[in-house]
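Inspection log for the structure reproduced underneath, given as structure tokens.
Where a number appears in this text, it was derived from the coordinates with a stated rule and is not lab data. The model shown is predicted, which means the values in this text are computed figures rather than measured ones. Here Cβ is always computed from backbone atoms with ideal geometry, including for glycine, and neighbour counts include all displayed protein chains.
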Amino acid sequence: MRDEDLTDLLDPIGQLGWAELLGERYDDAIRHFGRGIRLARHTGRSYLMPYLLLGQAYGCRVVGQLTEAMRSAESAEDMAHLLNRSDLLGYALSLQASTVAVRDAPELAAPIVERALRPIGTAGRLRGLMIAMLASIRLEQGRPAECVELIRALTDKPQHCGPAHSFRAGWYYTAARAEVDRGRTAEARDWTRRAVEAAGAVGLRGQHAYAAMARACTGPADGETVVELLRTAVREFTAGSGLIAAGHARLELARALITVGGTDEAARHVETVKQFAATCGAGHLHTLAVNVQRRLGALGPRAAGRGGSSTDLSSRERVIATLVGQGMSNRDIAQATFLSVKTVESYLTRIFRKLGVDSRVKLARKLAATPPDDTPWQLYRDPK
């Protein structure tokens, strides 16, 4: 249809977009929200803008379009202030916090979470989605009890969740993970049961993926079964375009593969996540992938024994290892040695493997037990 034929249909366009989000048709939703936003701006219907911008922000965040997600969420915040809508302000801040947690780090999202929780009321069409996002951030911040409290507030009063019941399997998975972190196995299994039931009720691929991940983290002791469950989760998330969730699932799969000796497949999944995270600017996801990559590096031939010594490293590897021992970050090392951050990460993977360590702290201890390298690190300014 032509734009002029849609000017009186902006509210239905918004409803269509949200229905598509709830049906996991994210690309279609983003397209419709984008068109609705353009028409609303052209016709001066500002009262519809927050609803459209929030939908676009949510969809873009799910598929990894983080720059657009943040831009839309910030615009929604501005419109909420103009319209004096505290509930919409809370929703906009929730989406900003969720995007910052993926793009930067959960710790940096913490102050935004605090601002978001205050204006969100006890009801509203979007409340369930936003509270669930905040619960996920609490879990990533290492605050599982608060995560469970937020999820339980939704499930105890389902009438306050809005129309987002189709996403409940994901909420229950988040709660299951939180209970596992708290060491509450029985409670975690109960959340898992609810996740499986919720996924079966709606038949959405992403929700089946969350149910599989819940089963993987709470159920079988058999490593191969866990691997198959996580493979299912990766496949379902990817097919449904839930690409950020697929990245997290791939890393869980890589960790499970390491435990059963599938290091080659694990390395492929980690590399896929690193490339995706670098492309979309998901810095926290990239950091998590690098951590798994280092674990893989520590499983090289030397890791089976006592590990090598710094004399087993090349000159450049000794330089980088020394700088790590001095407490420098990968970015600082890259600037000091005129290398890219990715090149530094690759060197660290080899260093970890050669020395049989799996963390920067252990690397520093290893170096402290060996004579220092006298080669000035300033001499190494090319990537050879």
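Largest GNM mean-square fluctuation among Arg194, Arg115, Arg103, using the chain with Cα springs under 10 Å: Arg115. Given the choices (i) 185; (ii) 156; (iii) 172, volume of the Cα convex hull per residue in Å³ derived from the coordinates of this structure is entry (ii).
Relative to the longest principal axis of the Cα atoms of the chain, helix 223-239 runs at roughly 50 degrees.
Lysine pair count for the chain (Cα-Cα distance under 15 Å; residues 8 or more apart in sequence or on different chains): 4. Using a simple spin-label model with pseudo-atoms 7 Å out from Cα toward Cβ, Lys342 and Asp78 lie 3.4 nm apart. A helix-only calculation puts the chain at -23500 deg cm²/dmol for mean residue ellipticity at 222 nm, using -39500 (n - 2.57) for each DSSP H run of at least four residues, averaged over all residues. Placing a pseudo-label 7 Å from each Cα along the Cα-to-Cβ vector at Thr287 and Thr259 gives an inter-label distance of 2.5 nm. A crude spin-label estimate for the pair Tyr47 and Glu228, with each label 7 Å from Cα along the Cβ direction, gives 5.6 nm. Take the Cβ atoms of Arg350 and Arg268, set R0 to 25 Å, and the FRET efficiency comes out at 0.90.
Electrostatic tally near His269: other residues with Cβ closer than 13 Å to its Cβ, Lys and Arg +1, Asp and Glu -1, net +3. Its alpha carbons give segment 1-121 an Rg and a Dmax of 14.1, 46 Å.
When both segment 100-121 and segment 158-227 are represented by their alpha-carbon centers, they are found 23 Å apart.
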